Every structure is written in structure tokens, then in C-alpha cells.
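Since the structure comes first, as C-alpha cells, the remarks are kept for the end.
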Amino acid sequence: MKTRNFGIIKRPVSEIGLGTWQLGGTEWGDVSDEQALNTLRSAAAAGVTFFDTADIYGGGRSETLIGRFLREQSDADRFFVATKLGRRSDPGWPKDFERQTVIAHTEDSLRRLGVEALDLTQTHCIPLEVMREGQIWQTLGDLQQQGKIKAFGASVETMEEALLCLEQEGLASLQVIFNIFRQKPLDVLFEKARAKQIAVIVRLPLASGLLSGKFALDTEFPEHDHRNFNRDGQAFNVGETFGGLPFEKGVELADALKLLVPPTMTMAQFALRWCLDFEAVTTVIPGAKRPEQARANASASEFPILGVALHDRLRRFYEDEVLPHIRGPY
């Protein structure tokens with residue numbers, strides 16, 4: 001597994017990480033504790049050192065499982081755990097952004113993860129006006145000064161939000177949706193982030209699984225899977241599910257892309273390798289519910305970069321075939 005330095009912090013992290021939304025067991029279907037722990041162990045054995053979680057995933061279950069995993073490790077310090085806050089229902093918006101709530105929720109994450117200081121806390125897709133007002137950044141800066149968090153960043157939905165966050169003093173990272181189907185950060189964000197040494201964390205690199213190439217029009221998802229209940233943005237931002245594409249169009253586009261996948265790669269590895277080919281990207285965090293998924297995703301780090309001609313073709317494919325169909329704030 002290759003590593004990249006995490007922005008201005010300069011701490012090396014695995015270029016393929018693990019997103020643990022799935023391990024919460026609430027928006028991706030059920031997953032047992034042992035299955036989740038085995039997925040974490042398999043990712044680590046494959047060289048993954050960067051885990052991304054949030055206090056809302058499974059109501060804290062994802063953080064708790066990572067905490068259990070860390071306690072198993074004799075070298076737990078080699079893992080970088082990024083969490084997020086700002087979307088809990090207790091007390092809910094707008095109180096989630098008040099100083100005492102941010103402090104309390106940080107303490108909850110510290111307890112569940114079993115660490116003395118959080119490697120990274122990110123605001124979790126909070127309203128633009130809250131980020132613009134700025135009090136939450138002051139609170140996070142104070143927590144950093146107190147040694148409760150080592151760094152803070154932001155997970156955002158839109159490039160407008162990302163550009164606003166880039167102006168925030170002390171910001172260490174930005175987490176954005178980026179994949180072959182959703183390339184806007186290339187044009188708007190990446191060069192600016194590199195110039196400021198802001199780490200870029202890529203989420204949804206497989207567009208909720210579309211870019212695995214394994215879905216068909218008749219594919220069904222569990223009742224509690226967001227790919228069922230948020231398919232058209234019924235529960236939260238539509239961009240978080242299938243990259244904002246209608247499912248049927250996404251399957252059609254993924255099928256068309258299969259012809260471009262090199263014979264040595266799976267389609268998922270191809271999609272992850274594409275993300276890694278951009279120097280502004282620090283780490284890519286595909287999710288996984290099973291150990292074999294985590295291992296396969298981690299192996300994308302081993303492949304060589306894709307050729308210029310293939311990148312050009314994928315760019316034209318995005319502009320001509322994909323972009324007109326993306327829904328939601330972008």
C-alpha cells in the first residue's frame with residue numbers, strides 16, 4: 001500500500017482508506033459486530049491505515065467498533081481515524097452547532113474510540129450559513145488548542161461550500177464526493193487545495209457501488225439501505241446516493257464504461273485507480289461491509305496510473321454522457 005502525506009500535517013496515510021458508514025448498520029443494511037471487525041482487520045492487513053467514520057453512523061456504533069479494533073492492535077498509533085460531527089438528532093439542528101454541543105459530541109467520540117485525542121474531526125455536511133458564520137470553527141480551534149483534537153476539517157456537499165472552507169484558518173482537510181461520474185472538483189477545487197496544502201479525502205469513489213459494475217436494472221437493496229430509501233433524495237442530499245444520478249441511468253452509464261476497463265483490473269479497481277491518479281487527492285475512502293471487499297479495494301493502490309488517452313476519454317464521457325443527468329447541489 002502506497003502512502004501520501006496528509007496535507008500540512010505531513011503525516012503519511014494509506015492512499016486507499018476505509019469508509020465505515022456501512023459498519024454503522026443503519027443506512028447500508030445489517031452488518032454484525034464480528035463481520036464489521038473482520039472487515040477492519042482485513043483492511044489493516046492489506047495496508048489500510050486511514051479510517052473515516054462519524055458520530056452518526058449507527059448512532060455511534062461505527063466509532064465504537066473502530067475503538068474495539070484499535071484496542072486489539074499493539075501498534076494502534078499507526079492508524080489515522082477521522083470522525084465527523086454535526087448531524088446528530090440529539091439535540092439536532094441548529095443546537096448541534098452550538099459550542100457546548102460540539103464539545104459534548106467531541107467527548108462522546110473520544111470515549112467511543114477510546115483515544116485521548118481525535119486525529120481529525122470534520123464538520124459533517126452542515127449548512128453553508130453555519131460555516132459562513134464561523135463560530136463552529138472557533139470551537140474546533142479551541143478543542144485543538146486543548147489537545148482534544150489534533151486537526152479539524154470539513155466534509156461538504158458542494159464546491160461552493162468547499163471553496164468557503166478553504167478560506168478558513170487552520171483547516172486541515174476537505175472531504176468531497178469525487179468519482180468518474182462526478183468530476184467537478186477537478187475544475188473547481190483541486191489546484192486551490194494543493195496550493196494551500198489542504199488534504200483532500202475522496203468519498204463515494206464508487207458512486208454507491210454503481211462503479212463496481214455489478215448492478216442491473218432489477219437489482220434490489222435492503223429496506224434500510226440508503227440506495228433504497230434515498231434513491232431520489234427522499235432522506236438526505238441526493239448526491240450521497242449514486243452520485244446524484246437516477247439509478248437506471250447510472251446502471252446504463254456503468255455498463256457503457258465496462259468497455260474501457262483494462263483487462264487486468266476489476267471495474268471497482270479501475271474507478272479507484274482513476275481517483276488516485278490526481279495528485280491533489282490524499283486518500284480515497286471506499287466503504288466495505290465484507291473483508292473481501294476491503295482487500296479488493298486496497299489492491300487498487302498497486303496498479304499503475306491510467307494513460308493520458310484513457311483519462312481524456314473518461315473526461316469526454318463525463319461531460320457528454322454523465323453531467324446532464326446529475327441531480328442536487330453540486
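Just one of (1) modelled with pLDDT of 95 or more; (2) more than 24 Å from Ala296 (Cβ to Cβ); (3) not β-branched (Val, Ile, Thr) trips up Ser74, so point out which. So the condition that Ser74 fails would be (1). Residues in region 230-280 that are over 20 Å from the mean Cα position of the chain (by Cα), under 23 Å from Ala298 (Cβ atoms), crowded, with 16+ Cβ neighbours inside 10 Å and not small (Gly, Ala, Ser): Leu257, Val261, Met265, Thr266.
Filtered by the rule that a residue be within 17 Å of Ala300 (Cα to Cα), over 16 Å from the mean Cα position of the chain (by Cα) and not in a helix (DSSP H, G or I), region 175-229 gives a lone residue, Gly213.
Is it the case that region 51-69 has a residue that's of a type outside the set (Lys, Arg) and surrounded by fewer than 15 Cβ atoms within 10 Å (Cβ to Cβ)? No: zero hits.
Scanning region 305-324 for residues that are more than 19 Å from Val176 (Cα to Cα) and surrounded by 15 or more Cβ atoms within 10 Å (Cβ to Cβ) turns up Leu306, Leu310, Leu314, Phe317, Glu321.
If I ask for residues that are of a type in the set (Val, Ile, Thr) and more than 16 Å from Leu120 (Cβ to Cβ), which ones from region 58-108 would you list? Listed by number, the residues that qualify are Thr64, Thr101, Ile103.
Residue check: Gln175 meets all listed conditions (1) closer than 23 Å to Gly287 by Cβ; (2) free of Cβ contacts under 8 Å to residues at least 60 places away in the same chain but one, namely (2).
Considering only residues of region 80-101 that are buried (at least 22 other Cβ atoms within 10 Å of the Cβ) and in contact with a helix residue (DSSP H, G or I) (Cβ under 7 Å, 6 or more places away or on another chain), which is farthest from Thr139 (Cα to Cα)? Here the answer is Val81. Taking the conditions (1) within 20 Å of Ser155 (Cβ to Cβ); (2) touching an Asp or Glu at 6+ places or on another chain (Cβ under 9 Å); (3) among the polar types (S, T, N, Q) in turn, Asn297 satisfies each one other than (2). Listed here are the helices (runs of 4 or more DSSP H) enclosed by region 92-168 that have at least 1 residues being farther than 30 Å from Glu72 by Cβ and within 18 Å of the chain's Cα centre (by Cα): 159-166.
The values are calculated or read from the model by the stated rules, or taken from the named source; none is laboratory data. Small disclaimer: the values here were computed from a predicted structure and weren't measured. In this analysis, Cβ positions are derived from the backbone assuming ideal geometry, glycine residues included, and neighbour counts consider all displayed protein chains.
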